[in-house]
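Taking it in order: structure first as structure tokens, then the write-up.
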Amino acid sequence: MANLKFALALLGLLMLGGCATPPLKPPATTATQTAPESFELNGRIGVRHDDQGFSGNLSWRHNAVEDEIHLRSPLGQTVARIQRKAGIVTLDTPEGNYTAQSPAELTEQVLGWRLPLDGMQYWVLARPAPDDAAESERDDSMRIIRLRQQQWNIEYRDYRMEGNYVLPSRITMRNDKLELKLIVDSWELP
């Protein structure tokens, strides 16, 4: 009789266990919407402008008070270092050092193309910049796959988990004069 009671109790526990539901995973957009504003990313960048192009490596450290971007050739030689701090932008190249108020104007003057840093700091996190109107399109997981803002079309071709966050890993940004392709190899988040 004791064996029968034990078998019935075990059967009851197994049946209850079969009714349990696994915890629900939050949607992918929760992670990208709550990702911290500060980040460090390393990856590869391709730039196409007026039938000219550049491809190389990119390192970008961003926080609320400054940005520091290193552009390197595929062999690792520094092409440019862009730093924005306290409203001043500096761009250092092997040919010289330059200063301006706007990263877009400075990169156009020195590199020949406008780096949209004011928007990019949000776009790389799959967010629209907060002070400008934007249109977006989402996939079935509610991740942004297309964003249109500041005369730029941004496409998110791939996402991946980075710690507790789902972040873009392949981004293409286009306007009528420039195309930037960014492949993020690694993210560092606080």
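The values are calculated or read from the model by the stated rules, or taken from the named source; none is laboratory data. Here the structure is a predicted model, which is why all the values come from computation and not from measurement. Methodologically, a virtual Cβ is constructed for each residue, glycine included, from the backbone with ideal geometry; neighbour enumeration extends over all protein chains shown.
Report every pair of residues separated by at least 6 positions or lying on different chains whose Cβ atoms are under 9 Å apart, first residue within the range 46-74 and on the phi > 0 side of the Ramachandran plot and outside any strand (DSSP E or B), second exposed (fewer than 15 other Cβ atoms within 10 Å of the Cβ) and not aliphatic (A, V, I, L, M).
Taking only residues 6 or more apart or on different chains, the pairs are Asp50/Gly112; Asp50/Lys177.
In the range 140-155, which residue that is touching a Phe, Trp or Tyr at 6+ places or on another chain (Cβ under 9 Å) and modelled with pLDDT of 95 or more is surrounded by the fewest Cβ atoms within 10 Å (Cβ to Cβ)?
Arg146
Of the residues Gln83, Gln121, which is under 20 Å from Leu182 (Cα atoms), touching a residue at least 24 places away in the same chain (Cβ under 8 Å) and of a type in the set (S, T, N, Q)?
Gln121
Only one of (1) under 17 Å from the mean Cα position of the chain (by Cα); (2) over 16 Å from Leu41 (Cβ atoms); (3) at pLDDT below 95 is not met by Ala100, so which one is it?
In the conditions (1) under 17 Å from the mean Cα position of the chain (by Cα); (2) over 16 Å from Leu41 (Cβ atoms); (3) at pLDDT below 95, Ala100 misses (1) alone.
Which residue, of Gln109, Gln83, is part of a helix (DSSP H, G or I) and out of contact with any helix residue (DSSP H, G or I) (no Cβ under 7 Å at 6 or more places or on another chain)?
Gln109
Residue under question is Ser186, and the condition is that it be small (Gly, Ala, Ser), surrounded by fewer than 14 Cβ atoms within 10 Å (Cβ to Cβ) and within 13 Å of the chain's Cα centre (by Cα); does it hold?
For Ser186, the condition - small (Gly, Ala, Ser), surrounded by fewer than 14 Cβ atoms within 10 Å (Cβ to Cβ) and within 13 Å of the chain's Cα centre (by Cα) - is met.
Taking the range 26-61, which residues are within 15 Å of Arg127 (Cα to Cα), surrounded by 16 or more Cβ atoms within 10 Å (Cβ to Cβ) and modelled with pLDDT of 90 or more?
The one that is within 15 Å of Arg127 (Cα to Cα), surrounded by 16 or more Cβ atoms within 10 Å (Cβ to Cβ) and modelled with pLDDT of 90 or more: Phe39.
For residues that are loosely packed, with under 15 Cβ neighbours inside 10 Å and not small (Gly, Ala, Ser), scanning just the range 125-137, find the one that is nearest to Pro36 (Cα to Cα).
Among those residues, the one meeting the criterion is Pro130.
Being touching a His at 6+ places or on another chain (Cβ under 7 Å), of a type in the set (Lys, Arg) and within 25 Å of Leu167 (Cα to Cα): is that true of Arg143 here?
It is false that Arg143 is touching a His at 6+ places or on another chain (Cβ under 7 Å), of a type in the set (Lys, Arg) and within 25 Å of Leu167 (Cα to Cα).
How many residues are in contact with an Asp or Glu (Cβ under 9 Å, 6 or more places away or on another chain) and assigned to a loop (DSSP other than H, G, I, E, B) if we restrict to the range 133-168?
Residues flagged as in contact with an Asp or Glu (Cβ under 9 Å, 6 or more places away or on another chain) and assigned to a loop (DSSP other than H, G, I, E, B) within the range 133-168 amount to 2.
Test Arg127 against the stated conditions and say whether it is in contact (Cβ under 8 Å) with a residue 40 or more places away in the chain and either touching a helix residue (DSSP H, G or I) at 6+ places or on another chain (Cβ under 8 Å) or part of a strand (DSSP E or B) (or both).
Against the criterion (in contact (Cβ under 8 Å) with a residue 40 or more places away in the chain and either touching a helix residue (DSSP H, G or I) at 6+ places or on another chain (Cβ under 8 Å) or part of a strand (DSSP E or B) (or both)), Arg127 qualifies.
Taking the range 80-97 as the region of interest, how many residues are within 22 Å of the chain's Cα centre (by Cα) and within 16 Å of Gly56 (Cα to Cα)?
Selection size over the range 80-97: 3.
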